[in-house]
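> I'd like to ask some things about the structure below.
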Amino acid sequence: METPDQIRDRLLARFPGAEITVITNPGTAAQHSLLLGAAQARAIAEFLRDDPVLKLDQCSNVTGIDWPEKEIVETTKVSTPDPLNPAGPPKITEQKTKRLQLGYLEVVYHLYSVALRHGPVILRLRTGNRTDQASVPSLTPVWRSCEFQEREVFDLFGVTFDGHPDLRRILMWDEFKDHPMRRDYVEPDDYEWEPTPHGTVLEKAKAHYPAPPAANAQGPRPNV
Amino acid sequence: MSDSTPSPTPPPPSVTEAERDELRRQGILLTSLQELYTWGNSHSVWPLNFGLACCAIEMIAASMAKFDIARFGSEVFRPSPRQADLLIVSGTVTKKMAPQVIRLWNQMPEPKYCIAMGACAISGGPFKQGYNVLKGIDRFIPVDIYIPGCPPRPEALLHGLVQLQKKIQGFKISGPDAPRHLRADQPCNCPVPEFGEHDLEPPANPEVWTAPPAIVRKD
């Protein structure tokens, strides 16, 4: 099968001006992915499905990733003339600039070919941000198996899929308001006493017992 | 014939067990209405065809040839709750499924019993911190027998059924100790929770469940 770089080159030849980036995966599996822009994503997906060399007719997995906002610190070396010794070698100082990269949501598609028995080719679609621009084009018209999985990503991450035939919650009930797999999801406070809590449960336990004396005048904290 | 739960001052039996056995060998059965009622009730408990997750596989195995729950009286698993006596909650109860479980419980006619099979049905189990996991079905319906395990073996389910049978045989058919279905003042339905914006509303049924008491450790 072709490498992601070769696929990208062929895609750029077929769709000039499309936004396609190869994102390398530093892990040992070396599953590099293609980041697609939203404008041409559907057309590129249809091309990948119908292309005789690739024939990626099965979308086996659709998942979501919540990338929180990141502070990127860039270090640049600036050389200024030494004030104490103007004729001598310049002083090199490091300047750090901080940049805030906004968080976004990402949808990852794993594509396999049943006809030609190769794969996976991994696609990524990113949203603009996590609040008002959280929509990507739906690839359900291209691969039917995306239908339920995109509903799951909508339910758990809040990504809207444009063109999905039936976009509604699939795991949580329809009246539910949160998106549980986001990093900022806060569970309802429903801690029950456990004899040996550890990990995140221990953090919840410390917040709950012994009951803070001033906070609750009714006595031990009710758990319901 | 059966071992009933010990009461504070049991009346001295007019006929001893040895005499009763001797009479039975001769073909004469001495019993009481309570014993007959509870014997019939306990030895034909028909479960509802109800499995949620992995524990359901063990429940199915218990109903099949090697373990055979039918020899304990659970001859058929009824597909309709209207015809079932026993609700074996086997598997994780998600918050989305919980109102449906409670509706099925309400549709079952009295006398009805509930067995919480497996860690998930008892308390939420290994998925207790999940966003969609109900921390035990006993938050909403009254549970008679808890069978721990993940999953409990079919033999454990059979043991739980035998414990339920012993519990039924200990029932009194009149008076204040009578079980729920023989007392007019006890409700047989449980309120069904609504789907709220972040959790079920109410998150538990206060008549059936109280939070376990917190035991503060010295550390």
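> Is it true that residue A:162 is within 12 Å of chain B (Cβ to nearest Cβ), among the acidic types (Asp, Glu) and either touching a Ser or Thr at 6+ places or on another chain (Cβ under 9 Å) or at negative phi (or both)?
Details: within 12 Å of chain B (Cβ to nearest Cβ): no; among the acidic types (Asp, Glu): yes; either touching a Ser or Thr at 6+ places or on another chain (Cβ under 9 Å) or at negative phi (or both): yes.
Spelling it out, it is not the case that residue A:162 is within 12 Å of chain B (Cβ to nearest Cβ), among the acidic types (Asp, Glu) and either touching a Ser or Thr at 6+ places or on another chain (Cβ under 9 Å) or at negative phi (or both).
> Being closer than 26 Å to residue B:206 by Cβ, surrounded by fewer than 18 Cβ atoms within 10 Å (Cβ to Cβ) and away from every other protein chain (no Cβ under 14 Å), is that true of even one residue in the stretch B:80-103?
yes
> Looking at the stretch B:58-74, is at least one residue in contact with a Gly (Cβ under 9 Å, 6 or more places away or on another chain) and of a type outside the set (D, E, K, R)?
yes
> Looking for whichever is assigned to a helix (DSSP H, G or I), free of Cβ contacts under 8 Å to residues at least 60 places away in the same chain and out of contact with any Pro (no Cβ under 8 Å at 6 or more places or on another chain) here; the options are A:84, A:100, A:48, A:11. Which one fits? Full working, then the answer.
On the way: A:84 fails: assigned to a helix (DSSP H, G or I); A:100 fails: assigned to a helix (DSSP H, G or I); A:48 fails: free of Cβ contacts under 8 Å to residues at least 60 places away in the same chain.
A:11 is the lone residue from the list that is assigned to a helix (DSSP H, G or I), free of Cβ contacts under 8 Å to residues at least 60 places away in the same chain and out of contact with any Pro (no Cβ under 8 Å at 6 or more places or on another chain).
> A follow-up question, please. Quick one: which of B:70, B:84, B:65, B:56 is small (Gly, Ala, Ser), touching a Phe, Trp or Tyr at 6+ places or on another chain (Cβ under 6 Å) and closer than 22 Å to residue B:163 by Cα? Reasoning before the result, please.
Working: B:70 fails: touching a Phe, Trp or Tyr at 6+ places or on another chain (Cβ under 6 Å); B:65 fails: touching a Phe, Trp or Tyr at 6+ places or on another chain (Cβ under 6 Å); B:56 fails: touching a Phe, Trp or Tyr at 6+ places or on another chain (Cβ under 6 Å).
Result of the check over B:70, B:84, B:65, B:56: B:84.
> Continuing with the same structure: Could you look through the stretch B:29-45, keep only residues that are exposed (fewer than 15 other Cβ atoms within 10 Å of the Cβ), in contact with a helix residue (DSSP H, G or I) (Cβ under 9 Å, 6 or more places away or on another chain) and hydrophobic (A, V, I, L, M, F, W, C), and pick out the one that is modelled with the lowest pLDDT?
The qualifying residue modelled with the lowest pLDDT is B:30.
> Quick check on the stretch A:174-199: of everything there that is over 23 Å from the mean Cα position of the chain (by Cα) and facing another protein chain (nearest Cβ under 8 Å), which residue is surrounded by the fewest Cβ atoms within 10 Å (Cβ to Cβ)?
Filtering the stretch A:174-199 for residues over 23 Å from the mean Cα position of the chain (by Cα) gives A:174-175, A:188-199.
In the following step, the residues that additionally are facing another protein chain (nearest Cβ under 8 Å) were identified as A:174-175, A:188, A:190, A:192-193, A:195.
Values: A:174: 10, A:175: 12, A:188: 14, A:190: 19, A:192: 20, A:193: 15, A:195: 7.
Among residues in the stretch A:174-199 that are over 23 Å from the mean Cα position of the chain (by Cα) and facing another protein chain (nearest Cβ under 8 Å), the one surrounded by the fewest Cβ atoms within 10 Å (Cβ to Cβ) is A:195.
> State whether one or more residues within the stretch B:173-193 are within 20 Å of residue B:90 (Cα to Cα), away from chain A (no Cβ under 12 Å), touching a residue at least 40 places away in the same chain (Cβ under 8 Å) and not in a helix (DSSP H, G or I).
Yes, the stretch B:173-193 contains a residue that is within 20 Å of residue B:90 (Cα to Cα), away from chain A (no Cβ under 12 Å), touching a residue at least 40 places away in the same chain (Cβ under 8 Å) and not in a helix (DSSP H, G or I).
> Looking at the structure I just gave you, is residue A:90 loosely packed, with under 13 Cβ neighbours inside 10 Å, modelled with pLDDT under 95 and more than 21 Å from residue A:49 (Cα to Cα)?
Numbers: loosely packed, with under 13 Cβ neighbours inside 10 Å: yes; modelled with pLDDT under 95: yes; more than 21 Å from residue A:49 (Cα to Cα): yes.
Judged against the criteria, residue A:90 is a match.
> Sticking with this structure for a sec: Pick from B:131, B:146, B:113: which is under 20 Å from residue A:189 (Cβ atoms) and among the hydroxyl-bearing types (Ser, Thr, Tyr)? Working first, answer last.
Numbers: B:146 fails: under 20 Å from residue A:189 (Cβ atoms); B:113 fails: under 20 Å from residue A:189 (Cβ atoms).
Testing whether each residue is under 20 Å from residue A:189 (Cβ atoms) and among the hydroxyl-bearing types (Ser, Thr, Tyr) leaves just B:131.
> For residue B:143, are the conditions met, namely being under 16 Å from the mean Cα position of the chain (by Cα), aliphatic (A, V, I, L, M) and not in a loop (DSSP other than H, G, I, E, B)?
On the way: under 16 Å from the mean Cα position of the chain (by Cα): yes; aliphatic (A, V, I, L, M): yes; not in a loop (DSSP other than H, G, I, E, B): no.
Against the criterion (under 16 Å from the mean Cα position of the chain (by Cα), aliphatic (A, V, I, L, M) and not in a loop (DSSP other than H, G, I, E, B)), residue B:143 does not qualify.
The values are calculated or read from the model by the stated rules, or taken from the named source; none is laboratory data. Just so you know, these numbers come straight off a predicted model, no measurement behind them. Counting neighbours? That spans all protein chains shown, and the Cβs are built from the backbone with ideal geometry, glycine included.
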